[in-house]
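Everything on this sheet refers to the single structure shown next.
Derivation of every value follows stated rules applied to the coordinates shown; laboratory data play no part. Just so we're clear, the structure is a prediction, and the values are computed from it rather than from any experiment. Heads up, the Cβs are rebuilt from the backbone with ideal geometry, glycines too, and the neighbour counts pull from every protein chain shown.
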Amino acid sequence: MSLTRPIERHTMNTSEKLFAAMSANPNNWRLRDMKTIAKRHDITWQKKGSHCIFKRTDGERLSVPDHGIIKPIYVKEFILFVEEC
């Protein structure tokens with residue numbers, strides 16, 4: 001007899017937690033965080049010089065500069081970009 005029982009509630013994975021935190025506070029995020037979220041939402045990316053270009057399956061693109069901490073305006077644009085998937 002097992003003393004454990006299956007978990008019946010939905011547990012959030014890392015990308016869902018990141019996305020929720022990013023949506024709540026767009027300050028102090030890095031490109032690697034965006035890439036984690038993008039991967040979960042089937043968004044591809046490629047590095048072009050000092051920018052990262054995210055591309056959705058519908059062909060829409062978003063360019064984000066990669067200079068350490070991403071400015072909140074780009075984080076907000078990324079949030080909208082992911083939500084529109």
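What pairs come out if I take residues in the stretch 23-35 that are in contact (Cβ under 8 Å) with a residue 24 or more places away in the chain and within 11 Å of Val75 (Cβ to Cβ) and pair them with residues that are surrounded by 12 or more Cβ atoms within 10 Å (Cβ to Cβ) and hydroxyl-bearing (Ser, Thr, Tyr) whose C-beta lies under 9 Å away, six or more apart or interchain?
Pro26/Tyr74; Trp29/Tyr74; Met34/Tyr74
I need every pair where a residue in the stretch 68-85 that is free of Cβ contacts under 8 Å to residues at least 24 places away in the same chain has its Cβ under 8 Å from the Cβ of a residue that is surrounded by 17 or more Cβ atoms within 10 Å (Cβ to Cβ) and not in a loop (DSSP other than H, G, I, E, B), sequence separation at least 6 or different chains.
Final answer for the pair search is Tyr74/Val64; Glu77/Leu62; Glu77/Val64.
What's the total number of residues in the stretch 11-53 that are in contact with a Lys or Arg (Cβ under 7 Å, 6 or more places away or on another chain) and either closer than 18 Å to Lys71 by Cα or of a type in the set (S, T, N, Q) (or both)?
Filtering the stretch 11-53 down to residues in contact with a Lys or Arg (Cβ under 7 Å, 6 or more places away or on another chain) leaves 15, 26, 43-45, 53.
Next cut, either closer than 18 Å to Lys71 by Cα or of a type in the set (S, T, N, Q) (or both) only: 15, 26, 44, 53.
The total comes to 4.
Counting residues that are among the small types (Gly, Ala, Ser) and surrounded by 10 or more Cβ atoms within 10 Å (Cβ to Cβ), which helices (runs of 4 or more DSSP H) fully inside the stretch 9-85 reach at least 3? If you could, list the steps in order and put the result at the bottom.
On the way: elements: 14-24, 31-40, 72-83.
By residue number, 14-24.
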